[in-house]
Amino acid sequence: MNALKILLMAVLICFINSDAGAQEQLQQFSIVPEPELVKVMPGNFIPNSATVISYEDKNSQLKFIADQLSAKLKSHTGGKLPLRTLPGVPGKNQIVFKLSDKLPGMGAEGYTLDINSSGIVITAKQPQGCFYGMQTLLQLLPVNHGDVVAIPALHIQDQPRFSWRGAMLDVSRHFFTVEQVKKYIDFLAAYKLNTFHWHLTDNQGWRIEIKKYPLLTSVGAWRKRSLIGHFEEQPERFDAVPHGGFYTQAEIKDIVAYAQQKYITVVPEIDLPGHCTSALAGYPELGCGENPGPFEVKDKWGVFDDVYCAGKENTFKFLEDVFTEVAALFPGKVIHIGGDECRKTNWKSCTYCQARMEKEGLKDEHELQGYFINRIAQILKAKNKRVIGWDEILEGKELATDAIVMSWRGTTGGVMAAKKHHDVVMTPTTYLYLDYYQGAPYLEPLTIDGFNTLERVYSYEPIPSELNGDEAKYIKGLQGNIWTEFIPDFNHLQYMAFPRLAALAEVAWSSPEKKNWERFKGKMEREYNRYEALGINYSKSAYQVGFEMVSGARTQKPQMVLKTQSYNPEIYYSLDGTDPDQKSIRYIGPFNVNPDAKIKAATFKNGVQIGKTTEYTVK
Ligand code: ACM
Ligand code: ZN
């Protein structure tokens, strides 16, 4: 062999090795969301029944975190590991939770995680950081309980990009039990999300006990029946099943405390001035006109004319009373007051509302909406709370200065608000509505509409390009929203949330330089295994095969490209309309297609088809 050949061989071996190394690392661990800095070191730490978990003395939060870790490690180490307080006996075989002020550049949510053969140290400024360090550590454990734990030696330094990392759950259109809501909170915590936006009231059900107004729940929490199918379908069809439920104040406190232990702030939403039929069903006098109503809790989806009367003082008295109870239940600073999709029809014909406009010098009903929102903001300010609302709260004259705007109708509202120096949370329908389709609609359960695949959610950049550096600081973060018109149960909710919550979390936590779609897809393979082990009903739509016609580079003949949103997919396809299996044609790259060819394709993993078969007829 001549020297050049030897050199080429060496380069080739290096290349193969480094590729194998990357593959191995991909297999060995995956952290979602991607940390700021990960240094892989040789060796690993293997906890055993003699491992001790230590935590900073007298810190009950760290004790709770240490205890959770001990419980999680139990199935790997054969028993719960003992806890000890620091300063203890320094020594090997310890997992240590420490607080330190000496972490330069690290915010309250950041942490460092050091793993070597003698133990693990998680350090943070605040217990919340230690909690996130623990979440990272949990992702380094084997997916299957009972497997021997060899935690790779690593140095991780990590903190979030955004301070508002949220997910919304609509419990009005379909009710979810206390246990289910807690499980949803667990899902958020595992991905280091820190805000649970709880959409508690809407036309189709009022879900929070208000002691002063019992009819809100005895009447407003129940509907007689629900629409079947899409709301644009005619004729309308209904089931004959009453639907409802609500959370008592004791249950709300329990959920809020549960979330707090997981460093999740609960932001309750009481939607106004529209989206309130369930309240009017109990208290019709709060509607417009002399003798409003009767109202019934809505049994179908959509936007309706029902609104609170903006002219009657009783409306504001009622809402002040409601918010007095709400504010006492939720220790977080921020309360969501809705503000979206308020039809102005009734206000236009209501003498009370028109008199209000005249008295306040409001030139139209949009300014009346602004007046309404600002009055509620004042009520909440007096209770030391701050309002957030959907971007329609920008309607009218000046919005209260400390109000936060949630940009959902695209990004325009967010841009406008940031330019006016309002804090903003980005949640545009076209990227972050997790109730939208995530795969080919003909293969998916019915949704309201829209198309937000895993890749699309992942691709979202929350800082709109229209903002300069100063304005960009007002973008506090982002949120995924799950409206539940078409999500009747918890199983289905998981299907909509997973795996897209993982993509959302990485957008919310990781810096743009750390985002990498190829790498993320690889990590998701391990996440899917974890979902399986945890019994999570996740969507496999990312394995669906998509079709793209291209022109052959040389021949200019039409060629077909097959792709999925999964890592290194093993795709098989047929050209004769038969369902593909592993005896069909294996896809290795673009192929020529004849006119009228009917292509069917599917992804396989370990000999089993994953995701549904997709089809495409060439035209
Ligand atoms: C919304 O989706 N109506 C905020
Ligand atoms: Zn009115």
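The values are calculated or read from the model by the stated rules, or taken from the named source; none is laboratory data. Source: prediction; values computed, not measured. Here Cβ is always computed from backbone atoms with ideal geometry, including for glycine, and neighbour counts include all displayed protein chains. Keep in mind that these areas ignore ligands, DNA and RNA; they rest on the heavy atoms of the full protein, side chains included. Shrake-Rupley method; radii C 1.70, N 1.55, O 1.52, S 1.80 Å.
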Taking amide H positions as placed 1.01 Å from N in the peptide plane, with prolines and chain starts having none, which residues 5 or more places from Gly546, or on another chain, fall under 5 Å of its amide H? Lys563, Thr564
Residues of the range 298-341 with the amide nitrogen closer than 14 Å to a label point 7 Å from the Cα of Glu358, along Cα-to-Cβ, please. 311
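With an 8 Å Cα cut-off and a minimum separation of 6 or more residues, compute the relative contact order for the chain in percent.
Relative contact order, the chain: 11 percent.
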For the range 203-318: rounded, prolate or oblate by the Cα gyration tensor [a/c cutoff 1.5]: oblate
Could you tell me which of rounded, prolate or oblate describes the range 94-205, using a ≥ b ≥ c as the square roots of the eigenvalues of the alpha-carbon gyration tensor, with rounded for a/c under 1.5 and, failing that, prolate when a/b is larger than b/c and oblate otherwise? oblate
Quantify, in whole percent, the carbon and sulfur part of the accessible surface of the chain (1.4 Å probe; protein heavy atoms only). 53
Quick one: grab the alpha carbon gyration tensor of the range 235-388, order the square roots of its eigenvalues as a ≥ b ≥ c, and give me rounded if a/c is under 1.5, else prolate or oblate depending on whether a/b is larger than b/c. oblate
Convex hull of the chain built on C-alpha atoms - directionally averaged projected area, nm²: 35.4
By average Cβ neighbour count within 10 Å, what is the ranking of 313-321, 186-194, 228-236 from highest down? 186-194, 313-321, 228-236
Length gain on complete extension for the stretch Lys583 to Asp67, per 0.36 nm per residue less the alpha carbon to alpha carbon distance? 180.7 nm
Enumerate the amide H contacts of Asp449 below 5 Å, restricted to partners 5 or more residues apart or on another chain; note that Pro and chain-start residues carry no placed amide H. Tyr437
Under the helix-only model (-39500 (n - 2.57) for each DSSP H run of 4 or more, divided by the residues of the chain), the mean residue ellipticity at 222 nm, to 500 deg cm²/dmol, is -10000 deg cm²/dmol
Expected unfolding gain across Val178-Asn568 under the 0.36 nm per residue rule, minus the alpha-carbon gap, is 136.5 nm
Give, rounded to the nearest 20 debye, the magnitude of the charge dipole that the chain has about its Cα centre when Lys and Arg contribute +1 at Cβ and Asp and Glu contribute -1 at Cβ. 1600
Mean Cβ count within 10 Å, highest first, over the residues of peptides 278-284, 79-85: 278-284, 79-85
The distance between the Cα centres of the range 560-607 and the range 440-472, in whole Å, is 27
Length gained, Asn594-Asn516, 0.36 nm per residue minus C-alpha separation, equals 24.5 nm
Probe 1.4 Å, all protein chains in place: accessible area of Arg586 in Å², nearest 10? 110
At 1.4 Å probe size, put Thr177, Thr564 in order of accessible surface, largest to smallest. Thr177, Thr564
If each of Lys317 and Lys211 carries a label point 7 Å out from its Cα toward its Cβ, how far apart are those two points in nm? 2.0
I'd like to compare 420-429, 259-268: which one has the highest average count of other Cβ atoms within 10 Å, and what's the full order after that? 420-429, 259-268
With every protein chain kept in place and ligands, DNA and RNA left out, what is the accessible area per residue of the chain? Probe 1.4 Å, answer in Å². 43
Rounded to whole Hz and in sequence order, give me ³J(HN,Hα) for the range 229-239 from the Karplus expression 6.51 cos²θ - 1.76 cosθ + 1.60, θ = phi - 60°, writing x for Gly and Pro. x, 6, 6, 8, 6, 10, x, 5, 10, 10, 7
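Dipole size in debye (nearest 20) for the range 295-429 around its Cα centre, Lys and Arg Cβ +1, Asp and Glu Cβ -1?
Its charge dipole is roughly 320 debye.
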Suppose a student asked you for the relative contact order of the range 64-200, using Cα pairs under 8 Å spaced at least 6 residues apart; what percent would you report? 21
Between their Cα atoms, which of Lys262/Lys521; Lys102/Lys381; Lys58/Lys521; Lys253/Lys363; Lys224/Lys363; Lys74/Lys192 are more than 31 Å away from each other? Lys102/Lys381; Lys58/Lys521; Lys253/Lys363; Lys224/Lys363
Could you tell me the center-to-center distance, by alpha carbons, between the range 176-247 and the range 362-411 in angstrom? 24
